[in-house]
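One structure is given below, encoded as structure tokens.
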Amino acid sequence: MPSAPANWKASFGSWIETTADEFILRWLLRIMIIATVTVVALDYTALDARLAERAAPLPTTIDTPPAKPLPQTKRAPGPGYLPQIRVPNAKLREKMSFELQGNGRLIAMGAITPGVATAFAEEVEKRGTYIKTVVLNSPGGSVQDALAMGRLIRDKGFSTEVENSGYCASSCPLMFAGGVQRLAGKSAAIGVHQVFSIGNTSDDSMASAQQISALCQKHLRDLGVDLGVWVHAMETPKEELYYFKSDELLALKLATSITARGTANGKA
């Protein structure tokens, strides 16, 4: 039986080769699994960081209404020019309040304090079927809240208005821009200036201001407003205001029409 050893050796050799192949395949599979898990973990970490960044509170600007009329900047007298801007009264220094009047006119008067967008959303939820126009009279304030209210106004299809003798400054135009129809009184004071973040170091303040600026530009672009509005804002120091003339409001699409209606208390 001389062939038996040869057959045994052949079988053993085949078993060794098969076992080695399986061993290599198992290790290759393990390496692939480890690599996949590592990539997924890295992707998850990066995603978690992005979500955390998005969840972080956005920087805000809190503007105190000026104690005296702010100067005009980079402007020459002409049609619609406002040589004297009235000082926001005590009512405008208070937190923004909402009052629904006739013809679906919701009067939004006062400063845009942090969190007021929540109160506005609750008001819309409660009275949304009756609201047609949001009438603004505000010295501005929290950019984050102004952006949120402007988006909600557009989502609901409301119009916005700043009446004759009305005041809409700083972050308020971001809310005004949300209107499907945007009505500005001939003597309305609608003004912008640079945004800024409160209570940060200089480096952090610069980064926050850039982030805010990008958000505001995207907001205006999405609402169909010419970004020239934001150029005027960025060119104007935060201690001053750039007030738009009537023809500028129309040319920059911040307003869709100029009206002669009403006073700043919402009465026609």
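The values are calculated or read from the model by the stated rules, or taken from the named source; none is laboratory data. Just so we're clear, the structure is a prediction, and the values are computed from it rather than from any experiment. Using ideal geometry, Cβ is built from the backbone for each residue, glycine included, and neighbour counts are taken over all protein chains shown.
Within region 222-243, can you find the residues that are part of a loop (DSSP other than H, G, I, E, B) and at pLDDT 95 or above? Outline the logic, then answer.
The first filter runs over region 222-243 and keeps only residues part of a loop (DSSP other than H, G, I, E, B), leaving 223-227, 236-241.
Across region 222-243, the qualifying residues are Leu223, Gly224, Val225, Asp226, Leu227.
For the condition at pLDDT 95 or above, out of contact with any strand residue (DSSP E or B) (no Cβ under 8 Å at 6 or more places or on another chain) and at negative phi, what is the one hit in Leu136, Leu174, Leu106, Leu100? So that I can check it myself, show each step before the final result.
On the way: Leu136 fails: out of contact with any strand residue (DSSP E or B) (no Cβ under 8 Å at 6 or more places or on another chain); Leu106 fails: out of contact with any strand residue (DSSP E or B) (no Cβ under 8 Å at 6 or more places or on another chain); Leu100 fails: out of contact with any strand residue (DSSP E or B) (no Cβ under 8 Å at 6 or more places or on another chain).
Matching residue, one of Leu136, Leu174, Leu106, Leu100: Leu174.
Going by the conditions given, is Asn164 at pLDDT below 95, in contact with a strand residue (DSSP E or B) (Cβ under 7 Å, 6 or more places away or on another chain) and either part of a loop (DSSP other than H, G, I, E, B) or not assigned by TED's automatic domain parsing to the domain that holds Ala119 (or both)?
Values: at pLDDT below 95: yes; in contact with a strand residue (DSSP E or B) (Cβ under 7 Å, 6 or more places away or on another chain): yes; either part of a loop (DSSP other than H, G, I, E, B) or not assigned by TED's automatic domain parsing to the domain that holds Ala119 (or both): yes.
Yes.
Kindly indicate the residue of region 72-97 that is modelled with pLDDT of 85 or more and crowded, with 19+ Cβ neighbours inside 10 Å and also farthest from Gly166 (Cα to Cα) among those meeting that condition. Please lay out each step first, then the result.
Here is the first cut: in region 72-97, the ones modelled with pLDDT of 85 or more are 92-97.
Those left that are additionally crowded, with 19+ Cβ neighbours inside 10 Å: 92, 96.
Details: Leu92: 11, Met96: 14 Å.
Among them, the one singled out is Met96.
This table checks each residue for (1) among the hydroxyl-bearing types (Ser, Thr, Tyr); (2) under 19 Å from Cys216 (Cβ atoms); (3) more than 18 Å from the chain's Cα centre (by Cα).
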residue: Gly102; (1), (2), (3): no, no, yes
residue: Arg127; (1), (2), (3): no, no, yes
residue: Ile131; (1), (2), (3): no, no, yes
residue: Asn137; (1), (2), (3): no, no, yes
residue: Met149; (1), (2), (3): no, yes, no
residue: Leu152; (1), (2), (3): no, yes, no
residue: Ser159; (1), (2), (3): yes, no, yes
residue: Glu163; (1), (2), (3): no, no, yes
residue: Ser170; (1), (2), (3): yes, yes, no
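Keeping to region 141-161, report how many residues are modelled with pLDDT of 95 or more and either part of a strand (DSSP E or B) or of a type in the set (Lys, Arg) (or both).
6
Can you name the residue in region 144-178 that is out of contact with any helix residue (DSSP H, G or I) (no Cβ under 6 Å at 6 or more places or on another chain) and among the small types (Gly, Ala, Ser) and is also nearest to Met234 (Cα to Cα) among such residues?
Ser170
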